[in-house]
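Visitor: Quick one: structure below, then a few questions.
The values are calculated or read from the model by the stated rules, or taken from the named source; none is laboratory data. Quantities reported herein were computed from a predicted structural model and do not represent experimental measurements. Note: ideal-geometry Cβ built from the backbone for every residue, glycine included; neighbour counts use all protein chains shown.
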Amino acid sequence: MKIATYNVNGINGRLDVLLRWLKDDQPDIVCLQELKSTSFPEKEISRAGYGAAWDGEKSWNGVAILLKGDEPLITRRGLPGDPDDKQSRYIEAVVDGVLLGCLYLPNGNPAPGPKFDYKLRWFRRLQDHAAEMLDLDVPALLVGDFNVMPTERDVYKPERWVDDALFRPEIRQAYAELTAQGWIDAVRHLHPDERIYTFWKYWRNSFERDAGLRIDHCLLSPGMAPWLRSASVRKKPRSWSGTSDHAPVMIELDTSEGID
């Protein structure tokens, strides 16, 4: 089973890039972020062989789950804990026996400030919901753009980011508390010491210089650890014309033996 996360940075404007990548890598399940639209290209995605569930928002945010050959069974739209929060940042489904949360965590800049406070509140709600997911004792994944670089290994020139909302101590601590629940960071589990990035700004040849950030993550519930076979950043789409500033992250799982 191949599961990927991809911040497409505008699904309708970058649909050709998405479809090209889907054809190349053939993931089984895809979590998308930053749809930036209240419309969704269902016909084109269907022709590519995927069913889709999505939650959009005009010009901002938006999340979706794609499932090859079938429709995702949606269990939740929106992160619980604040009924007044209408931003489209979380969608959850059962896919192939796995409970899958697709998320787009707030950026939070400028920090400090109201946007950063919202990010911290959202992170606390995520922690609460993530704990409830683990309590269900079923295979579970939290996948998406977390907008956090967990350690100095996850950012080029960390000294330049000390005051940024993606790298402030409060945010890194929140991510550490999340993984302390038992969630496994797939990339770090298999590549503990490598500098690996998933995002590169458009300017100053950031991608060509590999001056990036690792902010897109795949977290596995503890029982899924024996299934994990690979975790990689699919950098090729980031080099294409008109592409997102993110690259897809993909993990491969072998579920044939079930959970220990």
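Visitor: Tell me, please, whether a residue that is at pLDDT 95 or above, touching a strand residue (DSSP E or B) at 6+ places or on another chain (Cβ under 6 Å) and under 30 Å from residue 161 (Cα atoms) can be found in the range 103-114. First the steps, then the outcome.
Guide: Of all residues in the range 103-114, those at pLDDT 95 or above come to 103-114.
Checking which are touching a strand residue (DSSP E or B) at 6+ places or on another chain (Cβ under 6 Å) leaves us with 103-104.
Within this subset, residues satisfying the condition of being under 30 Å from residue 161 (Cα atoms) are 103-104.
Yes, some residue in the range 103-114 is at pLDDT 95 or above, touching a strand residue (DSSP E or B) at 6+ places or on another chain (Cβ under 6 Å) and under 30 Å from residue 161 (Cα atoms).
Visitor: Looking only at the range 111-156, which residues are among the β-branched types (Val, Ile, Thr), surrounded by fewer than 19 Cβ atoms within 10 Å (Cβ to Cβ) and closer than 26 Å to residue 193 by Cα? First the steps, then the outcome.
Guide: So the first thing to find is which residues in the range 111-156 are among the β-branched types (Val, Ile, Thr), and the list is 138, 143, 148, 151, 155.
Still in the list and also surrounded by fewer than 19 Cβ atoms within 10 Å (Cβ to Cβ): 138, 151.
151, the sole residue that qualifies.
Visitor: Condition first: at pLDDT below 95 and charged (D, E, K, R). Now tell me which residues in the range 210-257 satisfy that.
Guide: 257
Visitor: Now a separate question. What number of residues within the range 194-203 satisfy the criterion of being surrounded by 15 or more Cβ atoms within 10 Å (Cβ to Cβ) and either under 17 Å from residue 132 (Cα atoms) or not β-branched (Val, Ile, Thr) (or both)?
Guide: If we filter the range 194-203 for residues that are surrounded by 15 or more Cβ atoms within 10 Å (Cβ to Cβ), which is where we start, we get 196-200.
Next, from what is left, pick out any that are either under 17 Å from residue 132 (Cα atoms) or not β-branched (Val, Ile, Thr) (or both): 197, 199-200.
Within the range 194-203, residues that are surrounded by 15 or more Cβ atoms within 10 Å (Cβ to Cβ) and either under 17 Å from residue 132 (Cα atoms) or not β-branched (Val, Ile, Thr) (or both) number 3.
Visitor: Those residues that are out of contact with any strand residue (DSSP E or B) (no Cβ under 9 Å at 6 or more places or on another chain), farther than 21 Å from residue 73 by Cα and of a type in the set (Asp, Glu), I need them from the range 1-48; list them, please.
Guide: 16, 24
Visitor: Working carefully through the options 225, 231, find the one that is part of a helix (DSSP H, G or I) and either at negative phi or exposed (fewer than 13 other Cβ atoms within 10 Å of the Cβ) (or both).
Guide: Details: 231 fails: part of a helix (DSSP H, G or I).
Answer to the check: 225.
Visitor: May I pose another question? I'd like the full set of residues that are farther than 14 Å from residue 181 by Cβ and in a loop (DSSP other than H, G, I, E, B), limited to the range 124-152.
Guide: The answer is 138, 139, 146, 147, 148, 149, 150, 151.
Visitor: Of these, 75, 5, which one is buried (at least 19 other Cβ atoms within 10 Å of the Cβ), part of a strand (DSSP E or B) and either β-branched (Val, Ile, Thr) or touching a helix residue (DSSP H, G or I) at 6+ places or on another chain (Cβ under 6 Å) (or both)?
Guide: Values: 75 fails: buried (at least 19 other Cβ atoms within 10 Å of the Cβ).
One residue alone meets the criteria, 5.
Visitor: Still on this structure, please answer the following. Looking only at the range 159-202, which residues are assigned to a helix (DSSP H, G or I) and over 26 Å from residue 229 (Cα atoms)?
Guide: Applying the first criterion (assigned to a helix (DSSP H, G or I)) to the range 159-202 yields 159-161, 169-180, 186-190.
Correct list: 159, 160, 161, 169, 170, 171, 172, 173, 174.
Visitor: Under the condition of being without any contact (Cβ under 8 Å) to a residue 40 or more places away in the chain and in contact with a Leu (Cβ under 6 Å, 6 or more places away or on another chain), which residue from the range 45-70 is nearest to residue 8 (Cα to Cα)?
Guide: Selected residue: 56.
Visitor: Within the range 78-98, can you find the residues that are among the charged types (D, E, K, R) and part of a loop (DSSP other than H, G, I, E, B)?
Guide: Answer for the range 78-98, where residues must be among the charged types (D, E, K, R) and part of a loop (DSSP other than H, G, I, E, B): 82, 84, 85, 86, 89, 96.
Visitor: Identify, please: which residue in the range 157-193 is closer than 15 Å to residue 116 by Cα and among the β-branched types (Val, Ile, Thr) and is, among those, surrounded by the most Cβ atoms within 10 Å (Cβ to Cβ)?
Guide: Within the range 157-193, the match that is surrounded by the most Cβ atoms within 10 Å (Cβ to Cβ) is 171.
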